[in-house]
Protein chains: 2
Amino acid sequence: MGSVSNLQPWEEKAGWARARRDASLAKVKPKLDGVPDADNLPLCSQDLPKAFLTPRETEITEKYTITKLLSLLRERQVTVEEVTRAFLRRAALAQAATNCLTELLWDEAIERARHLDSLLEPRGALFGLPISTKEHHGMVGKNVFTSASFVAWVDKEHGSNLLYDTFWKEGCVFFARTTQPQTIMHLETESNIYGRTVNPYNRELTSGGSSGGESALIGMRGSILGVGGDIGGSVRCPAAHVGIYGFKPSIKRVGTTGFRTPGAGKETISGCPGPMTVDRDGLELFMMVALSARPWRVEPSLTPKEWTPYKFTRPPKIAVQWWDGVVQPHPPMTRALREVADACRKAGMEVVDWDCEGLDHQKGWDILSALYWPDGGKEVLGLIAESGEPILPLTKFIIHEQPTVKELTQHELWALCVKRDEYRARYAQAWSKTGNDGNREVDVILCPPSFGAATPHGQSRYWGYTAHWNLLDYPAAVFPVTKVDPSLDAKDVDYVPKNGQDKFVYDMYSPERFSNAPVSLQVVGRRQEDEKVLAALVEIERAMGRA
Amino acid sequence: MGSVSNLQPWEEKAGWARARRDASLAKVKPKLDGVPDADNLPLCSQDLPKAFLTPRETEITEKYTITKLLSLLRERQVTVEEVTRAFLRRAALAQAATNCLTELLWDEAIERARHLDSLLEPRGALFGLPISTKEHHGMVGKNVFTSASFVAWVDKEHGSNLLYDTFWKEGCVFFARTTQPQTIMHLETESNIYGRTVNPYNRELTSGGSSGGESALIGMRGSILGVGGDIGGSVRCPAAHVGIYGFKPSIKRVGTTGFRTPGAGKETISGCPGPMTVDRDGLELFMMVALSARPWRVEPSLTPKEWTPYKFTRPPKIAVQWWDGVVQPHPPMTRALREVADACRKAGMEVVDWDCEGLDHQKGWDILSALYWPDGGKEVLGLIAESGEPILPLTKFIIHEQPTVKELTQHELWALCVKRDEYRARYAQAWSKTGNDGNREVDVILCPPSFGAATPHGQSRYWGYTAHWNLLDYPAAVFPVTKVDPSLDAKDVDYVPKNGQDKFVYDMYSPERFSNAPVSLQVVGRRQEDEKVLAALVEIERAMGRA
């Protein structure tokens, strides 16, 4: 920094951060020779690993579930260092393919791995497991810089957090930090520091956001367990877009003490960290480890409740939300819903429709979009202005283009919170009513995590399918179901869009554009029924013929 | 209303409300003949009931615990109507003695009692139990007016709430509504509508507040179970001042849906309803019934957890807070602490000191007093101005005289909430640390619920001993211990006050002034450990030789 150039000061700062990232990647040994530059990469990155990694690296990073890898590590059938190096190299490849990293923790991870290997006995529930992390959360260790994708913050030191300290104590290896978008409030991942992260199934599509660095990395199996965060879909949308598992707990289960985020102290709507994993068991493992540390003893606003696995004693009752009453999902999403609903029905579950039209999801969005920015966005816009970096289009979308966003007086704030609480109450009561008249109450809602597969860049301009559950503070998990198949997912040429957003989404679709992109679904439970959501996911996947 | 007079319009409105109250009292039959007017009442009201009630009424209202009375009612050894009439008459006497009622529900209660008596089978956990209620909560039924002690609202209809609907379903009889102070934010009970409520042990002392109508009523055994609410001590302070039991749960256990309160939608600091009872078991009964209705299914921000009784398997570890580092308690309070601590020690409990000085309770108050009024008090001052009623001194105290109170911008609000959360975290961590180094962690804190017994009117200007636990959201119960005894509770003439507040409190004390006033203590637990607090109270009272 400080060198004379024609660059704007913000460009110099951003360049400094990229140079730091590049230096961290330059440490990779053996080097990944021959990886094409971005312009010459194939549309889909899924075949790259076997071309650039050793068979042993491929085996380590691909062959095992998280549980199996943990047991191999614990039994010392493989060294932590070998596992760590394999994921470090695969992560570097994922970076070359998708631009998903802000930093590869090469030296730190290998040092940590060697330390763990040197222990007489393996210790900790995550012994030797490589974990990747969303950048703005911070990181254990020294000389940690955490920008949260604000150019203004790239040279600010910011260290660890309560959650990562817990994982660290349980023996994990942090090895890669991943990108998030400007403001951490896009459902894509683009910033002025690191540019755009792309989908490992199709470079022309987004990897989702805001935890889109994680999804691109894990979607390449450059990591098998990552930590994202979700206040509007930021774990679920990116997980869905690359066909991995993601879970947004109820807020105040997993804490945020130590995270670097704008809006500290804002209570209108809260986000929370959540796992993003290659397999379902990783979700529960994350929650179990995070909560067995009893974080509420340090961050006392958290719910004082350890993870309490739920088991259905009879098949769950599933309500299918075919659409949210605002935007019609694309055909592959509707097909995924139909296939899974059919499988559940065949497995003996009661499957009913979840009718949203009386519940006015659009009103929910009007409330939520205002709750995001009770200061009118002043703080984040100020952070952007501080460095002079440009405001990106999806930042404009979520602040300037939402008619509800404005700086509120205290009384306007109170009135908005009353509206929020009334909306939540109405929804809760509607759910309770499903149990009236001798009916069984619905256990979970099965719904889209997005109107479709990953969108082309810049098009993630409808948040309703994920953000609605943040408004309600309902726990929700996403899981992979299928891929877009032009032979099955023709466009409905007769459909007449119901409103402007619906038309925007309808016009976006053509089967070819999304061909082979992952399609995922979402399971949603009532507030604080986190354990039930993951139990329902087990039942649903079993009905789908998965183990 | 609307009659021509020399009164200000607000005085007319207030007069209308008093006339309404008086009309409700005029229904009492047989009349309470010969009760002296306020100027001629004895200092202590405790001997009035046996002078003005029948022996049978005295028996019904005095002889039984809540549990016993419920069992007599359920077994139909006594009719609901007889019980109801006895409490109605005793409540009317309490009103004459202490000015504690806004309304006696004579017709409604008797109609309800007759209905319950007419049922073939008794039904509900509260079958036939008379319950008194703080006025601003509202009331079941028709033509319900709820002013929350604002003159501007005296003619506003406002009906029931979720909690009272629950109690109603469980078969209770609502029979009396009780006073609260202007703004519901004094630790005394005075309003421009109903005037001042006085202590049933000493008319020159306050009954506390803001649920001071309840405490005066229950302190006269004009009710045995009442509903108060607490955001700074409003259940515990008045309960302590009349020697009854009171419990402030963690917030979001018992809901507030349907209450009439200023500050709806304000999230900085929250209040909650709580029981005020003549015996300890009433506290748990209240919580059990309130939560067995699973109110979170209607008010989804509530903690989805039924009441889960806690049982100590070894004697609890008690930390005694001898003072809060700001204001030294009066001698009878210190004696009460010493007596109970000694009893606990003798019963085999580990008793240690709770050292507050490093925890800076004054800083806690500076945060809390700002959290109460993020709008600078504009809303309630506006409500007062709307009718033209005068601002009472203790309203001025809690708004104008707190240097921290001002209308905040959103960013100032966020910064304040960050401070609050840091303070809470620091306190939680201090508590956790008591379990370090092989020590057992402290189970509960035993502390004063006030710097002393009930204060002379207008002197309740130090909230620290109750409000601190609201700031922290720790559950807390108060229980009666002793009475001020000039022969034991001499003033410490050598004491040198540490600061202005300490001097104010010190100067207030003389044993004679408080002679025979009840002295109570408080048991405080960690956030959400409500059940443990009541279990500890059982152990502590057992150590004191109570059943």
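Per-residue mean of foreign Cβ neighbours for B:388-398 is 0 (Cβ atoms of other chains, 10 Å radius). Local charge for B:Ser292 was computed over the other residues whose Cβ lies under 13 Å away, with Lys and Arg +1 and Asp and Glu -1, and equals +2.
Taking every protein chain into account, the 1.4 Å probe leaves B:His411 with about 70 Å² of accessible area, to the nearest ten.
For the pairs A:Lys142/B:Lys433; B:Lys27/B:Lys156; A:Lys134/A:Lys156; B:Lys248/B:Lys305; B:Lys346/B:Lys433; A:Lys363/A:Lys419, note any where the Cα-Cα span goes beyond 19 Å. The answer is A:Lys142/B:Lys433; B:Lys27/B:Lys156; B:Lys346/B:Lys433. Residue order by solvent-accessible surface for B:Asp353, A:Asp117 is B:Asp353, A:Asp117, largest first, with ligands and nucleic acids left out and a 1.4 Å probe. Taking A:Arg76, A:Arg527, B:Arg345 and ordering them by how much accessible surface each has at a 1.4 Å probe, largest first, produces B:Arg345, A:Arg76, A:Arg527.
Over all orientations, the protein assembly as shown has a Cα convex hull whose mean projected area works out to 48.0 square nanometres.
In chain B, the beta carbon lying closest to the axis that superposes B onto A belongs to the residue given here with its whole-angstrom distance, B:Glu267, 2. In debye, nearest 20: dipole of chain B around its Cα centre with unit charges on the Cβ of K, R (+) and D, E (-)? Its charge dipole is roughly 980 debye. When A and B come together, around 2900 square angstrom of accessible surface is lost from both chains combined, probe 1.4 Å. Here region A:166-320 is treated as a Stokes sphere of Kirkwood radius computed over C-alpha pairs; at 25 °C and 0.890 mPa s its diffusion coefficient rounds to 151 µm²/s.
The other copies place their A:Ala19 label points at 8.4 nm from this one, listed shortest first, where each point is 7 Å from Cα along Cα→Cβ. Values of log10 I(q)/I(0) for chain A across q = 0.06, 0.07 Å⁻¹ run -0.26, -0.36, by the Debye formula with one identical scatterer at each alpha carbon and no solvent. A simple rule links phi to the HN-Hα coupling: the Karplus curve 6.51 cos²θ - 1.76 cosθ + 1.60 with θ = phi - 60°, which for region A:177-182 gives 10, 10, 6, 9, x, 3 Hz, with x for Gly and Pro. Peptides B:287-295, A:367-375, B:22-30 ranked from most to least packed, by the mean per-residue count of other Cβ atoms within 10 Å: A:367-375, B:287-295, B:22-30. For A:Thr455, the residues whose modelled amide H falls within less than 5 Å of its own, excluding neighbours fewer than 5 places apart on the same chain, are A:Thr206. In whole angstrom, region B:317-543 maps to an equivalent ellipsoid with semi-axes of 31, 25, 15, each derived as √(5λ) from the alpha carbon gyration tensor and ordered largest first. Given their separation in residues at 0.36 nm each and the Cα-Cα distance between them, A:Arg440 and A:Arg114 gain 112.0 nm when the chain is fully extended. Within the same chain, lysines fewer than 8 places from A:Lys31 are excluded, and of the rest, those with a Cα less than 21 Å from its Cα are A:Lys50. Rounded to the nearest Hz, the phi-derived 3J(HN,Hα) couplings of region B:133-150 under the Karplus curve 6.51 cos²θ - 1.76 cosθ + 1.60 (θ = phi - 60°) are 9, 5, 4, 5, 5, x, 7, 5, x, 9, 6, 8, 10, 9, 9, 6, 6, 9, where x marks glycine and proline. Sequentially through region B:390-400, phi angles give Karplus couplings (6.51, -1.76, 1.60; θ = phi - 60°) of x, 7, 7, x, 6, 5, 4, 4, 8, 10, 6 Hz, Gly and Pro residues having no value and appearing as x.
Annotation: amide H-H contacts under 5 Å for B:Glu103 (H modelled 1.01 Å from N, sequence separation of 5 or more, or interchain): B:Arg177.
Comparing the full protein assembly with the isolated chain, the residues of region B:254-282 losing at least 50 square angstrom of accessible surface (1.4 Å probe) are B:Gly265, B:Glu267. Per residue of peptide B:428-434, the mean number of Cβ atoms on other chains within 10 Å of the residue Cβ is 3. For peptide A:290-301, the mean count of partner chain Cβ atoms within 10 Å of a residue's Cβ comes to 4. For region A:406-457, the orientation-averaged shadow of the C-alpha convex hull comes to 6.6 nm² (one quarter of the hull surface). Once you reduce region B:196-237 and region A:288-365 to the center of their Cα atoms, the two points are 46 Å from each other. Database remark: amide H of B:Gly228 closer than 5 angstrom to the amide H of B:Gly274, B:Met276 (H placed geometrically; neighbours at sequence offset of 5 or more, or on other chains; Pro and chain starts carry no H).
Below 14 angstrom from the Cβ of B:Asp489, what's the summed charge of the other residues (Lys, Arg +1; Asp, Glu -1)? Taking every other residue near B:Asp489 into account, the sum is +1. Taking all protein chains together, B:Ser191, B:Ser487, B:Ser515 sort by accessible area into B:Ser487, B:Ser515, B:Ser191, largest first [probe 1.4 Å].
The values are calculated or read from the model by the stated rules, or taken from the named source; none is laboratory data. This structure is a prediction, so every number in the text was calculated from the model and none was measured. Ideal geometry is used to build each Cβ from the backbone, glycine not excepted, and the neighbour counts take in all protein chains shown. Just so you know, the surface numbers come from the protein's heavy atoms only, side chains and all, with ligands and any DNA or RNA stripped out. Shrake-Rupley method; radii C 1.70, N 1.55, O 1.52, S 1.80 Å.
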